[in-house]
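The values are calculated or read from the model by the stated rules, or taken from the named source; none is laboratory data. Please read all numbers here as calculations on a predicted model, not as lab measurements. When we count neighbours, we look across all protein chains shown, and the Cβ atoms used for this are built from the backbone with ideal geometry, even at glycine.
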Amino acid sequence: MEAAMGLMRRIPPKHTETALSALLSLMPNHSSDLLSQVDQPLQVLCDVDCGKEFILCEYNRDADSYRSPWSNKYHPSLEDGSLPSLELRKLEIEANDIFAIYRDQYYEGGISSVYMWEDENEGFVACFLIKKDGSKTGQGRRGYLEEGAWDAIHVIEVGPEEEENTNYRLTSTVMLTLTTNNESSGIFSLSGSIRRQMSMKLSVADGHLCNMGKMIEEMESKLRNSLDQVYFGKTREMVCTLRPPSEVVQLRIPES
Amino acid sequence: MAEEEEESELSEKQKVEIAKWFLLNSPPGEIQYVAKDVKSILNDDGVFNEAASEAFPLYNKSHFIVLPMPDRSGDVLVTSFGELEDNAFLDPRTAQVAIVDHVKQVCEVVRPALDEELASAYIEEFRFSLDAEILKYVEEVYPKGVCSVYCVNGKDAEGPGFDFELAVVISASRHSPQNFCNGSWCSVWNIDFKDEQQTVEVKGKLQVGAHYFEEGNVQLDTKHECKDATLFQAPEDCALAISSIIRHHETEYLASLEASYLNLPDSTFKDLRRKLPVTRTLFPWHNTLQFSLTRDISKELGIGK
């Protein structure tokens, strides 16, 4: 398993799916570990009842079917697929509605889905998913990107209520690729994936949705920022180490 | 193909193919680390060795890896342009042939090149002059650059009247696994000397890769091609003209890479996710009721989505 995770850290993120299926076939005994530890780009299905798309993940899967957050029905249909309790389903519906607005304000498009289910210790788990195709043939409003994909997975474990407070543990992953291609600079492609965790104890007075939403918003901004500043910045630094910009070279010559 | 009884099991051949895929997709400078992990996952030295023996030579040649020659006569570039046999690579500058071990990525033996492996005196004059100019350029511009100039076509021409082709390869890489960062810059310039037209056509392919993997995995991958031309002149004059063409295009390309990076935060990245919502204020989680109200109203008015 350690070696497998080592490989996933090195293989170009745009090849994650191929790499994962290769590992699954080499290590069939570790398939559940692999599926839970390796995040892969999100897939989408259309809810036949309402014509809206929803996102697939391990958390809305039962057997080979996936539950839509819109109609609460499994696709392909499943007789006895597990469903959240009525109360939790109510929160799930609300979360989907609000999160769709949040998504629209930050992403100007894209698809989102929220799934919730009870866990063993009186709390529940919520999974917030966003998928955005930012390419110029997709929903890139500015049309800069030949290829552009953003997949965000946020899983929040919500603990039981303790004296009006609740523990929230958020694990977030963002996977992205962005490629530009133009005459003067050729193909320029950045791809990456990062995962972070964050825990908070918050008052339930504000409501679960408000608490979870704020955490996700903060986390997404952090992730976007560190991809932009730190991760992309490091690759840029590397380019400048390989071939320093000319001003640097000119400064250096008189010294030698 | 797998036997019927072991349907779910992969055949050895499939395992070799998968192992090769991982090896060939290693980021610059990381194939040895990938090899270690692949070997431990396979847990089958036979399969691993077969995959390694096929994948390493391809990886080494496509990444233009640089190996020091044992007699301290410099570095040899592993490229298809200098490939004489599977593990023998010509170093035109020292007129030596380096025998390399692809999997270990070392050069243990060198031998003097045979006459028939080298270019004719006429071609060598062009190659040698260009090599000298490119060497100057690379030393000035790439802190860790290695370059080589090969004759890839028409090396036996004894004098004017024939077309021939040189290839300039520049490879610069930096590996700092302790800083979770690796990268490489490779350029190949094909230079076509057209005797009849008295022109020299220059075609460049540049490729830059970088990998940063501290608590994440982010990779840069770029490719660019360009073209230029100059007049067929005396060897020294050709060398000067060609190296200034190469310098010009590579400097421009670096500037365009910088520009791509500068465009990221405010334009390119914005098409994926904005820094702030369209409203330019944080999302009003405290007051989401307003959305349900507006939604109800729009539903009533029939303007909902």
Out of all the residues in the range B:259-268, which are modelled with pLDDT of 90 or more and facing chain A (nearest Cβ under 8 Å)?
-> B:ALA259, B:SER260, B:TYR261
Using the structure shown, decide if B:SER26 is surrounded by fewer than 17 Cβ atoms within 10 Å (Cβ to Cβ) and not basic (Lys, Arg).
-> no
Among the candidates B:THR230, B:THR251, residue that is of a type in the set (Val, Ile, Thr), surrounded by fewer than 17 Cβ atoms within 10 Å (Cβ to Cβ) and in the same structural domain as B:PHE126 (by TED's automatic domain parsing) | B:THR251
Would you mind listing the helices (runs of 4 or more DSSP H) fully within the range A:1-62 where at least 2 residues are crowded, with 17+ Cβ neighbours inside 10 Å?
-> A:2-10, A:16-26
Please tell me if B:LYS305 is surrounded by 13 or more Cβ atoms within 10 Å (Cβ to Cβ), facing chain A (nearest Cβ under 10 Å), out of contact with any helix residue (DSSP H, G or I) (no Cβ under 7 Å at 6 or more places or on another chain) and at pLDDT below 95.
-> no
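Here is a yes/no grid of residues against (1) polar (S, T, N, Q); (2) surrounded by fewer than 21 Cβ atoms within 10 Å (Cβ to Cβ):
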position: B:GLN32; (1), (2): yes, yes
position: B:HIS63; (1), (2): no, no
position: B:VAL103; (1), (2): no, yes
position: B:CYS107; (1), (2): no, no
position: B:ARG111; (1), (2): no, yes
position: B:GLU116; (1), (2): no, yes
position: B:SER129; (1), (2): yes, yes
position: B:ILE134; (1), (2): no, no
When only residues in the range B:192-211 that are surrounded by fewer than 18 Cβ atoms within 10 Å (Cβ to Cβ) and within 14 Å of another protein chain (Cβ to nearest Cβ) count, which is nearest to B:GLY154 (Cα to Cα)?
-> B:LYS203
Output for the range B:217-258, where each listed residue is hydrophobic (A, V, I, L, M, F, W, C) and either within 7 Å of chain A (Cβ to nearest Cβ) or in a strand (DSSP E or B) (or both) | B:VAL218, B:LEU220, B:CYS226, B:ALA229, B:LEU231, B:LEU254, B:LEU257
Lone qualifier among B:ALA172, B:ALA167 - being part of a strand (DSSP E or B), under 20 Å from the mean Cα position of the chain (by Cα) and within 30 Å of A:ILE11 (Cα to Cα) | B:ALA172
Check the range B:103-121 and report whether any residue there is of a type in the set (Lys, Arg), assigned to a helix (DSSP H, G or I), under 21 Å from B:SER171 (Cα atoms) and at pLDDT 95 or above.
-> no
With respect to A:SER184, determine if the residue is under 27 Å from A:THR137 (Cα atoms), within 8 Å of another protein chain (Cβ to nearest Cβ) and over 16 Å from the mean Cα position of the chain (by Cα).
-> yes
Given the conditions (1) facing chain A (nearest Cβ under 9 Å); (2) closer than 28 Å to A:TYR144 by Cα; (3) not small (Gly, Ala, Ser), and given that B:PRO143 satisfies all but one, which numbered condition is not satisfied?
-> (2)
Under the condition of being without any contact (Cβ under 8 Å) to a residue 40 or more places away in the chain and facing another protein chain (nearest Cβ under 9 Å), which residue from the range A:188-206 is nearest to A:GLY6 (Cα to Cα)?
-> A:ILE194
Right, B:GLU214: more than 10 Å from chain A (Cβ to nearest Cβ) and either farther than 30 Å from B:ASN25 by Cβ or in a loop (DSSP other than H, G, I, E, B) (or both) or not?
-> no
Is there a residue in the range A:71-78 that is part of a strand (DSSP E or B), hydroxyl-bearing (Ser, Thr, Tyr) and either farther than 22 Å from A:LYS214 by Cβ or free of Cβ contacts under 8 Å to residues at least 12 places away in the same chain (or both)?
-> yes
